[in-house]
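Trainee: Right, I'll just put the structure down here and ask away after.
Here, each number is a calculation from the coordinates, and none is a lab measurement. Values in this document were obtained by computation on a predicted structure and should not be read as measured data. Here the Cβ is made from the backbone with ideal geometry for all residues, glycine too, and neighbour counts use every protein chain on show.
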Amino acid sequence: DTGVSQNPRHKITKRGQNVTFRCDPISEHNRLYWYRQTLGQGPEFLTYFQNEAQLEKSRLLSDRFSAERPKGSFSTLEIQRTEQGDSAMYLCASSWLGPSTGELFFGEGSRLTVL
Amino acid sequence: KNEVEQSPQNLTAQEGEFITINCSYSVGISALHWLQQHPGGGIVSLFMLSSGKKKHGRLIATINIQEKHSSLHITASHPRDSAVYICAVGGRETSGSRLTFGEGTQLTVNP
């Protein structure tokens with residue numbers, strides 16, 4: 001297993017466009033997390049899946065954001081009608097149990113720049 | 001006041017120095033994580049601990065649950081240790097499903 005994989009690594013888009021990021025977690029991990037990180041700040045929680053069920057969403061996740069994990073394996077994070085404030089690094093992480101009990105493995109992140 | 005606070009925010013050291021990074025938190029937790037982030041974004045988990053002390057190579061992490069405080073120590077620091085070190089907590093008063101992160105400590109080790 002090569003670890004958590006995220007694509008694309010970098011995305012530059014114009015304001016108003018839609019973007020989609022993909023995360024492939026470590027295969028046996030049942031939990032998958034999305035975080036957002038802006039420059040100079042620690043990551044902020046966006047949402048989390050256990051298998052295919054989305055169990056929690058942050059208030060940061062406006063209705064322009066949607067995440068899925070259709071078969072309990074890879075996940076996608078879509079941002080519709082992007083705004084300049086969406087520019088950030090989007091991080092995916094996976095674990096076998098929750099982060100209170102299981103080690104988290106992070107992907108390299110997908111950096112979004114909205115012009 | 002943030003739920004997780006780290007100090008210092010920035011730290012510059014000479015190669016070989018002993019380094020300490022501190023983390024204080026205000027919520028009840030069941031685990032604390034120390035993470036390392038290199039330029040370009042990738043985050044690596046260094047330690048997950050809920051009590052006592054853990055050691056891995058030149059890295060040592062300690063936690064005092066009563067004082068809600070953890071420290072990360074690096075012995076014999078090396079320029080390749082230069083990175084952002086992030087403390088994160090997961091636990092009872094936040095959702096058990098996610099972590100709350102500190103803002104990170106930027107460490108630069110000069111040769």
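Trainee: How much length, in nm to one decimal, is gained on full extension between B:S71 and B:S24, taken as 0.36 nm per residue of separation minus their Cα-Cα distance? Mind showing how you got there, number by number?
Mentor: On the way: separation 47, 0.36 × 47 = 16.92 nm, distance 0.88 nm.
Answer, rounded to one decimal: 16.0 nm.
Trainee: Let me know the Kirkwood hydrodynamic radius for the protein assembly as shown, please, with Cα pairs as the basis and the value in Å to one decimal. Don't jump to the answer; show the numbers that get you there.
Mentor: On the way: mean 1/r = 0.0558 Å⁻¹.
Computed over the protein assembly as shown, the radius equals 17.9 Å.
Trainee: Let me ask something additional. What is the spin-label model distance, in nm, from A:R9 to B:Q106 if the labels are put 7 Å beyond Cα along the C-beta direction?
Mentor: Going by the 7 Å Cα→Cβ label model, 2.2 nm.
Trainee: Please work out the FRET efficiency for the pair A:D63 and B:E3, using the Cβ-Cβ distance as r and a Förster radius of 22 Å; give the result to the nearest 0.05. Please list the in-between numbers first.
Mentor: Working: r = 26 Å, r/R0 = 1.19.
FRET efficiency, A:D63 to B:E3: 0.25.
Trainee: Right, next: May I ask you to compute the full-extension gain from A:R81 to A:L39, defined as 0.36 nm times their residue separation minus their alpha-carbon distance, rounded to one decimal in nm?
Mentor: 12.9 nm
Trainee: For region B:1-52, what is one quarter of the convex hull surface built on the Cα atoms, given in nm²?
Mentor: Seen from a random direction, the Cα hull of region B:1-52 projects 5.1 nm² on average.
Trainee: Hey, fewest Cβ within 10 Å first, where do B:K55, B:K68 land in order? Could the numbers behind the result be given before it?
Mentor: Details: B:K55 12, B:K68 17.
Ranking B:K55, B:K68 by Cβ neighbours within 10 Å, fewest first, gives B:K55, B:K68.
Trainee: Right, another one. Hey, fewest Cβ within 10 Å first, where do A:Y35, B:Y25 land in order?
Mentor: B:Y25, A:Y35
Trainee: Something else: Can you give the local net charge around A:T13? Use residues other than it whose beta-carbon is closer than 15 angstrom to its beta-carbon, Lys and Arg +1, Asp and Glu -1.
Mentor: Around A:T13, the charge tally is +4.
Trainee: Given the protein assembly as shown, what count of lysine pairs have C-alpha atoms under 28 Å apart, with each pair 8 or more places apart or on different chains?
Mentor: 11
Trainee: What's the FRET efficiency of B:Q14 with B:H38 using the Cβ-Cβ distance as r and R₀ = 22 Å, to the nearest 0.05? Can you show the working numbers first?
Mentor: On the way: r = 20 Å, r/R0 = 0.92.
Between B:Q14 and B:H38 the formula returns 0.60.
Trainee: Neighbouring Cβ atoms within 10 Å as the yardstick, rank A:L91, A:L115 fewest first.
Mentor: Values: A:L91 27, A:L115 10.
Ranking A:L91, A:L115 by Cβ neighbours within 10 Å, fewest first, gives A:L115, A:L91.
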